[in-house]
Each structure stands twice: as C-alpha cells, then as structure tokens.
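The values are calculated or read from the model by the stated rules, or taken from the named source; none is laboratory data. Computed from a predicted model, the values in this text were never measured in an experiment. Here the Cβ positions follow ideal geometry from the backbone for every residue, glycine too, while neighbour counts run over all protein chains shown. In case anyone asks, the SASA skips ligands and DNA or RNA and just uses the protein heavy atoms, side chains included. Shrake-Rupley method; radii C 1.70, N 1.55, O 1.52, S 1.80 Å.
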Amino acid sequence: MKAKIQIGEIITLNKSEDAILWLVLEIDGPFLLGVKDFSRSAIPLRDQRMQWIDVSMAKKATKKQLRARFID
C-alpha cells in the first residue's frame, strides 16, 4: 500500500535519478494532485502554472533523487 501524499511533499513520476521533481501544492479529491516543477533549473514557482497529475502516477522522491538534484 502506498503512503498517502501530502501538500508540500516533493514527488516524482519515476525512480530514475534524473527524474523531474514536483512540489505538491493542492490535492483535489482522491485522484488529482496540483503540482509545480521543483527542479533547480525550472522557472521560479511563482511564475509557473499549476499542473494536475493523477495520484496513481506519483511516488515520493527518494533521498538519492534529492541528493542528485540538489547537491553538486
């Protein structure tokens, strides 16, 4: 059973180290997550439009993915 995803968590859609990281900003019922790209090279969060993804596709980002993205 998957752990429930909460607002403010960083998620990804796959387990590769170079996967795009998403910040969860809104949850719409049991099926949709409102997210913005949390990658270092992305446009600032305030300038992005929120995108909606299916909860079943989301996975919590691993420590390895976070280290690969934010530690040089």
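Which of the peptides 21-33, 59-71, 39-51 is most tightly packed, and how do the rest follow, judged by the mean count of other Cβ atoms within 10 Å per residue?
My ranking of the peptides, most packed first, is 21-33, 59-71, 39-51.
Would you mind calculating the relative contact order of the stretch 18-72 from Cα pairs under 8 angstrom and at least 6 residues apart, reporting the percent as a whole number?
On the way: 65 pairs, mean separation 18.0, N = 55.
33 percent.
Leaving ligands, DNA and RNA out of it, report the carbon-plus-sulfur percent of the accessible area of the chain at a 1.4 Å probe. Before the final figure, lay out each step's value.
Numbers: 2950 of 5140 Å².
Carbon with sulfur: 57 percent of the solvent-accessible area.
Residue by residue through the stretch 44-58, what is 3J(HN,Hα) from phi via Karplus (6.51 cos²θ - 1.76 cosθ + 1.60, θ = phi - 60°)? Round to whole Hz and write x for glycine and proline.
x, 3, 5, 9, 9, 8, 6, 10, 10, 10, 6, 4, 5, 8, 7
Would you work out if the chain is rounded, prolate or oblate? Take a ≥ b ≥ c from the square roots of the eigenvalues of the alpha-carbon gyration tensor; rounded if a/c is under 1.5, else prolate when a/b is larger than b/c, oblate otherwise.
Values: a/c = 2.19, a/b = 1.20, b/c = 1.83.
In terms of gyration-tensor shape, oblate.
Could you go through the stretch 10-20 in sequence order and give the Karplus-derived ³J(HN,Hα) for each residue, using 6.51 cos²θ - 1.76 cosθ + 1.60 with θ = phi - 60°, rounded to whole Hz, and x for Gly and Pro?
Calculated HN-Hα couplings, in order: 9, 10, 9, 9, 8, 9, 6, 5, 9, 5, 5 Hz.
When only Cα pairs under 8 Å and 6 or more residues apart are kept, what is the percent relative contact order across the stretch 1-45? Could the numbers behind the result be given before it?
Numbers: 58 pairs, mean separation 12.8, N = 45.
Relative contact order here is 28 percent.
Tell me, what is the per residue accessible area of the stretch 16-72 in Å², probe radius 1.4 Å? Present the calculation step by step, with values, prior to reporting the outcome.
Details: 3960 Å² over 57 residues.
Here the residues of the stretch 16-72 average 69 Å² of exposed surface.
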